[in-house]
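Peer 1: After the structure tokens below, expect a handful of questions from me.
Derivation of every value follows stated rules applied to the coordinates shown; laboratory data play no part. On a predicted model such as this, the values are computed, not experimentally measured, just so you know. Glycine gets a Cβ as well: all are built from the backbone with ideal geometry, and neighbour counts include every protein chain shown.
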Amino acid sequence: VLGLSGGVESSLVAALCARALSGGRVLGVIMPTSFTPGEDIEDAIELAKTLGINYIVVNIDEICDSFVKSLSIDPGDARVKMPLANLRARVRMVILYFYANLYNYLVAGTSDKSEYLIGFFTKYGDGAADFFPIRHLYKTQVRELAAHLGLPERIVRKPSSPQLYPGHKLSDELPVDYSVIDSILIGLLEKNLTCEETSRVLGIPKEIVEDIFRRHFKSMHKRLNPPMIKDKK
């Protein structure tokens, strides 16, 4: 079971699962909201049909609205913008696990290495899954593999967007494109360069390199199991 959004990451995971299993053993759950672009829904449905996998469309607006009503939330309050955005991601996770439980399936995560390393995912939302087929791949590698497997060009080149609130764009939260982020992460974490060295080698302003490093450091809790007290032996 996987969340199918029409984006390159979920499309690639769907394609990999379809290749590894028969199409009848893969379920893509398309979970739009009122502000999900129509072309994303169309791309997700068309891809599911092309891959021969099962799919279902579940609009999550009413489910999310029930939380807003039950918690007496004022959607106009600026403080609740991100909590509501993350709520949508967690609602999607709950739906995926419902179907996984129903059919005795596993949930396939769709986040990649770039998102994982900078914490650009919702804890216990899209960060929750039973296995992650593309988490070892940077965003640029995801697009390359998607193209290699013959996914539609419009999906391969589609700009990444979490679509967690109306008009949600990558530039709202990240200072540069993923092609730059990937280069910075490789310099810092694989080549073990300092921020200053990475900046100099890549020709990228030091403040941007430091921004990406801070995101990696501050999101460490998302990549670790919750801490617990251990008995001294």
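Peer 1: Looking at the stretch 21-40, which of its residues are β-branched (Val, Ile, Thr) and over 19 Å from Gly109 (Cα atoms)?
Peer 2: Thr33, Thr36
Peer 1: Right, next: Which of the following residues is surrounded by fewer than 17 Cβ atoms within 10 Å (Cβ to Cβ), touching a helix residue (DSSP H, G or I) at 6+ places or on another chain (Cβ under 6 Å) and on the phi < 0 side of the Ramachandran plot: Pro175, Pro227, Pro159?
Peer 2: Values: Pro227 fails: touching a helix residue (DSSP H, G or I) at 6+ places or on another chain (Cβ under 6 Å); Pro159 fails: touching a helix residue (DSSP H, G or I) at 6+ places or on another chain (Cβ under 6 Å).
The unique qualifying residue is Pro175.
Peer 1: Condition check: surrounded by 20 or more Cβ atoms within 10 Å (Cβ to Cβ), of a type outside the set (S, T, N, Q), more than 14 Å from the chain's Cα centre (by Cα) and assigned to a loop (DSSP other than H, G, I, E, B). Does Leu106 satisfy that?
Peer 2: Against the criterion (surrounded by 20 or more Cβ atoms within 10 Å (Cβ to Cβ), of a type outside the set (S, T, N, Q), more than 14 Å from the chain's Cα centre (by Cα) and assigned to a loop (DSSP other than H, G, I, E, B)), Leu106 does not qualify.
Peer 1: Now for a separate question. Determine if the stretch 123-139 includes at least one residue that is crowded, with 19+ Cβ neighbours inside 10 Å and in a helix (DSSP H, G or I).
Peer 2: For the stretch 123-139, residues crowded, with 19+ Cβ neighbours inside 10 Å and in a helix (DSSP H, G or I): present.
Peer 1: A follow-up question, please. For residues that are without any contact (Cβ under 8 Å) to a residue 60 or more places away in the chain and either loosely packed, with under 13 Cβ neighbours inside 10 Å or under 15 Å from the mean Cα position of the chain (by Cα) (or both), tally how many sit in the stretch 145-156.
Peer 2: 3
Peer 1: State all residues of the stretch 148-191 that are in a loop (DSSP other than H, G, I, E, B) and among the basic types (Lys, Arg); if no residue qualifies, say none.
Peer 2: Passing the criteria: Arg157, Lys158, Lys169, Lys191.
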